[in-house]
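Taking it in order: structure first as structure tokens, then the write-up.
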Amino acid sequence: MIKVFIDGGAGTTGLKIVERMRAREDVTLITLDEEHRKDPASRKEAIHAADAVFLCLPDDAAKEAAVLAEGARAVVIDASTAHRTAEGWAYGFPELSPSHRKAVQSSKRIANPGCYASGFISLVYPLIAHGIAAKDYPFVCHAVSGYTGAGKKGIAEYEAEERDRALDSPRLYALGLRHKHLPEMQKVCALSHPPVFTPYICDFPCGMTVHVPLYRSLLQKKLTVGELTELFREHYAGCRFVKVTQEETGFLAANTLEGTNLLQVFVNGNDEQLLLSARLDNLGKGASGAAVQNMNIALGLDEGLSL
């Protein structure tokens, strides 16, 4: 029986992981009562008793938990932004390359990717890895997300009976162009500078689309839509949870993968301009689903268990 401790299980991501763990017959959850939930000694004891630990905490608390985990045998998977660019932590996106999968398989410390970052990196990492775009390409990224990505406070605002009329409309945020996912987007893709990133939060619960437009004339290898589609198919060949597909309706909705751990990649455009898109559930492959997948891989299990 696998012993799992979720530090911060009352948050949005933590609750989803709890839900997935309770559906399994091979897992037993280590829990703390309300009195001890934030007590460092109790948390340390739980961490050291577990085979796998999920950190679903604010950054500072996640860093504290990582210190508490020193010397523990458990695989620690951090869902915060605290360790996504830190040395000694594997970046938990196994589909990116064989080396990323190997790192997840062998590491005791895994940083779970951000939701927006998962979409952007799924599109841009192959471009850099295969020499299609230069590291200093002026990348721009547009994205929309369901409101569950705003956390418990944001969810309460959107689901209140009497709410601000502005919530009826998509809302652009991170207007200073310094979103918390940018460091991992830049580092994992080995970019010379971060992309210009414009995220929107919208009036639907779950789902996300991330878009990267490209000028074909600025690419190092000037591939067509068909050629670029084939490159992505080859790059993600054999991946269970990343699929290259087409949208036949002429519209790309953001909420159709709710409850799944799937990420879909789309290539559209014309002879001069290309549009790369990724679609995922911000609470699935963008959070709890990816975390559980990483645990499965790190423990040598079928990566699709409870997904």
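The values are calculated or read from the model by the stated rules, or taken from the named source; none is laboratory data. This structure is a prediction, so every number in the text was calculated from the model and none was measured. Note: ideal-geometry Cβ built from the backbone for every residue, glycine included; neighbour counts use all protein chains shown.
Taking the range 241-255 as the range and being among the small types (Gly, Ala, Ser) and out of contact with any strand residue (DSSP E or B) (no Cβ under 7 Å at 6 or more places or on another chain) as the test, the residues that pass are GLY250, ALA253.
Would you call GLU70 in a loop (DSSP other than H, G, I, E, B) and either without any contact (Cβ under 8 Å) to a residue 24 or more places away in the chain or more than 22 Å from the chain's Cα centre (by Cα) (or both)?
Values: in a loop (DSSP other than H, G, I, E, B): yes; either without any contact (Cβ under 8 Å) to a residue 24 or more places away in the chain or more than 22 Å from the chain's Cα centre (by Cα) (or both): yes.
It is true that GLU70 is in a loop (DSSP other than H, G, I, E, B) and either without any contact (Cβ under 8 Å) to a residue 24 or more places away in the chain or more than 22 Å from the chain's Cα centre (by Cα) (or both).
No other residue among LYS222, LYS187, LYS153, LYS135 is surrounded by fewer than 21 Cβ atoms within 10 Å (Cβ to Cβ), among the basic types (Lys, Arg) and over 30 Å from GLN246 (Cα atoms) apart from LYS153. Here the range 116-136 is the region considered, the condition is being among the β-branched types (Val, Ile, Thr) and part of a helix (DSSP H, G or I), and the residue that is nearest to GLN273 (Cα to Cα) is VAL124. Evaluating ALA298 against the criteria (1) under 25 Å from LYS180 (Cα atoms); (2) buried (at least 20 other Cβ atoms within 10 Å of the Cβ) leaves one unmet condition, (1).
Restricting to helices (runs of 4 or more DSSP H) lying wholly in the range 137-253: which have 3 or more residues that are at pLDDT 95 or above? Give the steps one after another, and end with the answer.
Values: elements: 151-159, 182-189, 225-235.
Ranges flagged: 182-189, 225-235.
Of the listed requirements (1) in contact with a helix residue (DSSP H, G or I) (Cβ under 9 Å, 6 or more places away or on another chain); (2) closer than 17 Å to ARG109 by Cβ; (3) without any contact (Cβ under 8 Å) to a residue 60 or more places away in the chain, HIS36 misses just one: (2). Of all residues in the range 203-253, count the ones that are under 20 Å from the mean Cα position of the chain (by Cα) and among the aromatic types (Phe, Trp, Tyr). Number of matching residues: 4.
Taken over the range 138-150, the criterion of being farther than 24 Å from LYS16 by Cβ and either surrounded by 21 or more Cβ atoms within 10 Å (Cβ to Cβ) or outside the structural domain of PRO170 (by TED's automatic domain parsing) (or both) is satisfied by PHE139, CYS141. Of all residues in the range 73-100, those satisfying the criterion of being touching a residue at least 60 places away in the same chain (Cβ under 8 Å) and not in a helix (DSSP H, G or I) are ALA74, VAL75, ILE77, ALA79, THR81, ARG84, THR85, TYR91, GLY92, PHE93.
From the list ALA82, ALA103, the lone residue that is in contact with a Lys or Arg (Cβ under 7 Å, 6 or more places away or on another chain) and farther than 23 Å from GLY146 by Cβ is ALA82. Is it fair to say THR13 is touching a residue at least 24 places away in the same chain (Cβ under 8 Å), polar (S, T, N, Q) and out of contact with any Ser or Thr (no Cβ under 7 Å at 6 or more places or on another chain)? No; evaluated as a whole, the condition is false for this residue.
Across the range 1-50, the qualifying residues are those that are part of a loop (DSSP other than H, G, I, E, B) and touching a Phe, Trp or Tyr at 6+ places or on another chain (Cβ under 9 Å), and the one among them that is surrounded by the most Cβ atoms within 10 Å (Cβ to Cβ) is ALA50.
Determine if the range 256-271 includes at least one residue that is in a loop (DSSP other than H, G, I, E, B) and more than 20 Å from GLY289 (Cα to Cα).
yes
LYS180 meets the conditions (1) within 14 Å of the chain's Cα centre (by Cα); (2) under 18 Å from GLY284 (Cβ atoms) in every case but one. The failed one is (2).
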